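Engineer: Quick one: the structure is below, and I'll ask about it shortly.
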Amino acid sequence: MQRENRRLAAIVVADVAGFSRLVGLDEEGTLAAFRAHRAELIQPMLERHGGRIANTAGDSFLLEFPSAVEATRCALAVQTGLRERNGEVDEDRRITMRMGINVGDVIAEGDDLLGDGVNVAARLESLAEPGGIFISRSTRDQIRDRLELDFEDLGEVEVKNIARPVRVFNILFEGGGKQGKSLPTDVESAAPERMAQPLPTRPSVAVLPFDNINQDESQATLIKGLSGDIIFALSRLTELFVIDQMSSETYANEAVTVRQAAEDLGVRYIVKGGLERGGDRLRVTVQLIDALEGEHVWSQRYERTIEDLFAVRDDITRRVVAAIGLQIGSGDPSILADNQDISLESWLLMREAAEFANEPSPDNLHRARMILERVVSMEPDLVDVRVWLSVIHRLEVQMGSSEDPAESMRMAWREARKARELGPDHPGPHTALCNLYVMDGDYDQGVAAIKRAVELAPSDAPIVGTGTLTYFYAGDYEAAVKHGRIAMRLMPRSYLHWVMQYTAMALQVLGDMGEAETLYRKILATDASPHWQGRALQQLALVEADRGNDTAARRYIAEALAAVPDLCQSMLRTGMPMRDPTALDPWIETLDRLGLPK
């Protein structure tokens, strides 16, 4: 079998911008000028830098060089020469070229070159501005210490027929095309039949984790907070179906294509972007992609100071909504710009506190509370900080870490009410109050509060999930299941184990043992804490007992006690404040028979 003639080469693809338009204006003059540029500029530069024409197709060239340095020097010389030769030509008749350079593996067939090395260079050329040069990361790595050039990092772009995204750099040189270009995206289309979940009837969108372009770990909170704010703002629109941040964040350390993400999450639209910070300057790139069509819908680059971060955030959110073709119909459009007046310091502190609160332990709750109290002293009128303080005071009571539970509950109520006063149309205060009402046994008020919260943020999975608990405690098990299913659909790659647990228990009460068992086993198959593992095993024991299989049921009880040694019957009484205190009596009687300690 004949071996392919492969080699490593530096490839330049060059193409005349708007050639058909130029020929339409003046065919003879354009062709004469193009032939002159080729003979008097391009060919001499090729010979000087050791390159050759591997292929040509009218107004485009495929050039091969022995090194990336010589390829880049030649490309710069040609672009500079063209600009000089165009000096006296009317602007609408100038011949300008786009260029893309890649260092990669190529296959030689006679004088022609084929392969990914060529395909990448061709895609880079198509992305470049007229007069500009876009290069791959492999090219940049070869030339950056050998040529005195500045580069603009444009992030990763997916291109057809290339397995992985390509990191793109723009060479910055005088006259080298427009800077700050928003890159289009060329992706393989997602297919509805391959979706892990059926597409929602509403326009569906997922915001993937933004790239940390300069790999600065100190910016991780900034980057995560930016994408999180965009997700939260979008989740408040009734017209959209928005994947929860926890599911999106599972891609933070994965190389995933737009098609894969769309099919995994069951959405049509993908938002992706990147952020780079240098001192007080920010560079943010963002794209909206229609995964079903495999097309770029909208993209934008922002070059701003760090103080402009929130203006960038709000602009991105509004443009995404507009690009999907929605009219904001769910109330005041200002919902897309919550906390617009917050300082950057407070915003970052709040995100630090949230990281602690999302992993609740006595120490973490204490750290979060100290941070939030500092933020309140700086900016007392922020809704979110008041909501978080209310949640933490309540959790400290529930986890038994409060030194004065009565005072902690008083503070929880005070902060929730203050938050509602500051933001009556913000979903957070209503959710915080819902939990407090249920703890107080005021189920009607709790249901009313969570209804309002879900109206205000219909795609916020934790808020919708809170409805599962609320309706379960209130005895409306069908509503609990409905909210649980919605919350789980909003987070297909992450798990709020408490939502899964309470949805399964509601199904169990309704007699649907099959779906309940599936959810309990899903909890056991994930990284659930020992608490939720034990609770799931306890409920599986009840499922088996309902089927008359006491042997299997007692085995589950033993496994549950191994996971949670202090698990006991009273946890069902004290841990779940039911409207009907007798609602769980059948479960408690069965667990007593199976040997669960009182």
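The values are calculated or read from the model by the stated rules, or taken from the named source; none is laboratory data. Computed from a predicted model, the values in this text were never measured in an experiment. No Cβ is skipped: glycine too gets one built from the backbone with ideal geometry, and neighbour counts run over all protein chains shown.
Engineer: Filter the range 112-139 for residues that are surrounded by fewer than 21 Cβ atoms within 10 Å (Cβ to Cβ) and touching a Lys or Arg at 6+ places or on another chain (Cβ under 8 Å) and give the result.
Structural biologist: Gly115, Ser126, Glu129, Pro130, Arg137
Engineer: Cβ contacts < 6 Å: first residue free of Cβ contacts under 8 Å to residues at least 12 places away in the same chain, restricted to the range 345-372; second residue assigned to a helix (DSSP H, G or I), any location; separation 6+ or different chain. Result?
Structural biologist: Once the first residue is free of Cβ contacts under 8 Å to residues at least 12 places away in the same chain and sits in the range 345-372, its partners that are assigned to a helix (DSSP H, G or I) give Asn364/Phe356.
Engineer: Here is a further query. So, Ser334, is that one modelled with pLDDT under 90, among the polar types (S, T, N, Q), surrounded by 17 or more Cβ atoms within 10 Å (Cβ to Cβ) and under 27 Å from the mean Cα position of the chain (by Cα) or not?
Structural biologist: When the stated conditions are applied, Ser334 does not pass them.
Engineer: Please verify whether Leu31 is assigned to a helix (DSSP H, G or I), touching a residue at least 24 places away in the same chain (Cβ under 8 Å), among the aliphatic types (A, V, I, L, M) and more than 19 Å from Arg123 (Cβ to Cβ), treating the condition exactly as stated.
Structural biologist: No.
Engineer: Of all residues in the range 301-320, how many are surrounded by fewer than 18 Cβ atoms within 10 Å (Cβ to Cβ) and among the polar types (S, T, N, Q)?
Structural biologist: Number of matching residues: 1.
Quick grid of which residues meet (1) in contact (Cβ under 8 Å) with a residue 60 or more places away in the chain; (2) surrounded by 20 or more Cβ atoms within 10 Å (Cβ to Cβ); (3) within 20 Å of Arg146 (Cα to Cα); (4) in contact with a Lys or Arg (Cβ under 8 Å, 6 or more places away or on another chain):
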{"site": "Arg52", "(1), (2), (3), (4)": "no, no, no, no"}
{"site": "Glu70", "(1), (2), (3), (4)": "yes, no, yes, no"}
{"site": "Thr80", "(1), (2), (3), (4)": "yes, no, yes, no"}
{"site": "Glu88", "(1), (2), (3), (4)": "no, no, no, no"}
{"site": "Ile95", "(1), (2), (3), (4)": "yes, yes, no, no"}
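Engineer: Give the residues of the range 448-481 that are outside any helix (DSSP H, G or I), small (Gly, Ala, Ser) and over 20 Å from Gly511 (Cβ atoms), sorted by residue number. Quick ask: steps written out before the conclusion?
Structural biologist: Filtering the range 448-481 down to residues outside any helix (DSSP H, G or I) leaves 457-460, 475-476.
Within this subset, residues satisfying the condition of being small (Gly, Ala, Ser) are 457, 459, 475.
If the condition is that a residue be outside any helix (DSSP H, G or I), small (Gly, Ala, Ser) and over 20 Å from Gly511 (Cβ atoms), then Ala457, Ser459 are the ones that fit.
Engineer: Evaluate the following for Ala220: is it modelled with pLDDT of 85 or more and out of contact with any Pro (no Cβ under 7 Å at 6 or more places or on another chain)?
Structural biologist: no
Engineer: Return only the number of the condition from (1) part of a helix (DSSP H, G or I); (2) closer than 16 Å to Val321 by Cα that Gln260 does not satisfy.
Structural biologist: (2)
Engineer: A follow-up question, please. When both residues are 6+ apart or on different chains and their Cβ atoms are under 6 Å apart, which pairs have a first residue that lies in the range 161-181 and is exposed (fewer than 13 other Cβ atoms within 10 Å of the Cβ), and a second that is part of a loop (DSSP other than H, G, I, E, B) and at pLDDT 65 or above?
Structural biologist: Between residues of the range 161-181 that are exposed (fewer than 13 other Cβ atoms within 10 Å of the Cβ) and residues that are part of a loop (DSSP other than H, G, I, E, B) and at pLDDT 65 or above, the close pairs are Lys178/Glu129.
Engineer: Moving on. Any residue in the range 174-182 that is touching a Gly at 6+ places or on another chain (Cβ under 9 Å) and modelled with pLDDT of 75 or more?
Structural biologist: no
Engineer: Looking at the structure I just gave you, is Thr56 within 21 Å of Val23 (Cβ to Cβ), surrounded by fewer than 22 Cβ atoms within 10 Å (Cβ to Cβ) and among the hydroxyl-bearing types (Ser, Thr, Tyr)?
Structural biologist: Yes; evaluated as a whole, the condition is true for this residue.
Engineer: Would it be correct to say that Gly514 is surrounded by fewer than 24 Cβ atoms within 10 Å (Cβ to Cβ), of a type outside the set (A, V, I, L, M) and out of contact with any Leu (no Cβ under 8 Å at 6 or more places or on another chain)?
Structural biologist: Spelling it out, Gly514 is indeed surrounded by fewer than 24 Cβ atoms within 10 Å (Cβ to Cβ), of a type outside the set (A, V, I, L, M) and out of contact with any Leu (no Cβ under 8 Å at 6 or more places or on another chain).
Engineer: Only one of Arg281, Arg301 is at pLDDT 75 or above and at negative phi. Can you tell me which?
Structural biologist: Arg281
Engineer: Please verify whether Val286 is in a strand (DSSP E or B) and either polar (S, T, N, Q) or at pLDDT 80 or above (or both), treating the condition exactly as stated.
Structural biologist: When the stated conditions are applied, Val286 passes them.
Engineer: Same structure again: So which residues in the range 354-375 are surrounded by fewer than 14 Cβ atoms within 10 Å (Cβ to Cβ) and at pLDDT below 85?
Structural biologist: Passing the criteria: Asn358, Glu359, Ser361.
Engineer: So, in the range 239-249, of the ones that are in a loop (DSSP other than H, G, I, E, B) and surrounded by 18 or more Cβ atoms within 10 Å (Cβ to Cβ), which residue ends up farthest from the chain's Cα centre (by Cα)?
Structural biologist: The qualifying residue farthest from the chain's Cα centre (by Cα) is Leu240.
Engineer: Output the residues belonging to the range 421-442 that are assigned to a helix (DSSP H, G or I) and either among the aromatic types (Phe, Trp, Tyr) or surrounded by fewer than 21 Cβ atoms within 10 Å (Cβ to Cβ) (or both).
Structural biologist: Glu421, Leu422, Tyr437, Met439, listed by residue number.
Engineer: Of the residues Ala583, Ala553, Ala545, which single one is surrounded by 14 or more Cβ atoms within 10 Å (Cβ to Cβ), over 38 Å from the mean Cα position of the chain (by Cα) and closer than 27 Å to Tyr437 by Cβ? Break it down into steps so the answer makes sense when it comes.
Structural biologist: Values: Ala553 fails: closer than 27 Å to Tyr437 by Cβ; Ala545 fails: closer than 27 Å to Tyr437 by Cβ.
Testing whether each residue is surrounded by 14 or more Cβ atoms within 10 Å (Cβ to Cβ), over 38 Å from the mean Cα position of the chain (by Cα) and closer than 27 Å to Tyr437 by Cβ leaves just Ala583.
Engineer: Then there's this: Residue under question is Arg579, and the condition is that it be in a loop (DSSP other than H, G, I, E, B), at pLDDT 90 or above and on the phi < 0 side of the Ramachandran plot; does it hold?
Structural biologist: Details: in a loop (DSSP other than H, G, I, E, B): yes; at pLDDT 90 or above: yes; on the phi < 0 side of the Ramachandran plot: yes.
Against the criterion (in a loop (DSSP other than H, G, I, E, B), at pLDDT 90 or above and on the phi < 0 side of the Ramachandran plot), Arg579 qualifies.
Engineer: Only one of (1) farther than 19 Å from Ala291 by Cα; (2) touching a residue at least 40 places away in the same chain (Cβ under 8 Å); (3) within 14 Å of the chain's Cα centre (by Cα) is not met by Phe210, so which one is it?
Structural biologist: Only one criterion in (1) farther than 19 Å from Ala291 by Cα; (2) touching a residue at least 40 places away in the same chain (Cβ under 8 Å); (3) within 14 Å of the chain's Cα centre (by Cα) is unmet by Phe210, namely (1).
Engineer: Step by step: first the residues of the range 565-579, then only those that are in contact (Cβ under 8 Å) with a residue 12 or more places away in the chain and within 14 Å of Gly534 (Cα to Cα), then the one that is surrounded by the most Cβ atoms within 10 Å (Cβ to Cβ). Which residue is that?
Structural biologist: Within the range 565-579, the match that is surrounded by the most Cβ atoms within 10 Å (Cβ to Cβ) is Leu567.
Engineer: Consider the range 443-495. How many of its residues are modelled with pLDDT of 95 or more, surrounded by fewer than 24 Cβ atoms within 10 Å (Cβ to Cβ) and among the polar types (S, T, N, Q)?
Structural biologist: 1
Engineer: Enumerate the pairs (first residue in the range 470-491 and under 26 Å from Ala206 (Cα atoms); second residue anywhere and charged (D, E, K, R)) with beta-carbon separation below 7 Å, excluding pairs fewer than 6 apart on the same chain, so at least 6 apart or on different chains.
Structural biologist: So the pair list comes out as Leu490/Asp244; Met491/Asp244.
Engineer: Can you pull out every residue in the range 425-448 that is within 29 Å of the chain's Cα centre (by Cα) and within 23 Å of Met491 (Cβ to Cβ)?
Structural biologist: His426, Pro427, Gly428, Pro429, His430, Thr431, Ala432, Cys434, Asn435
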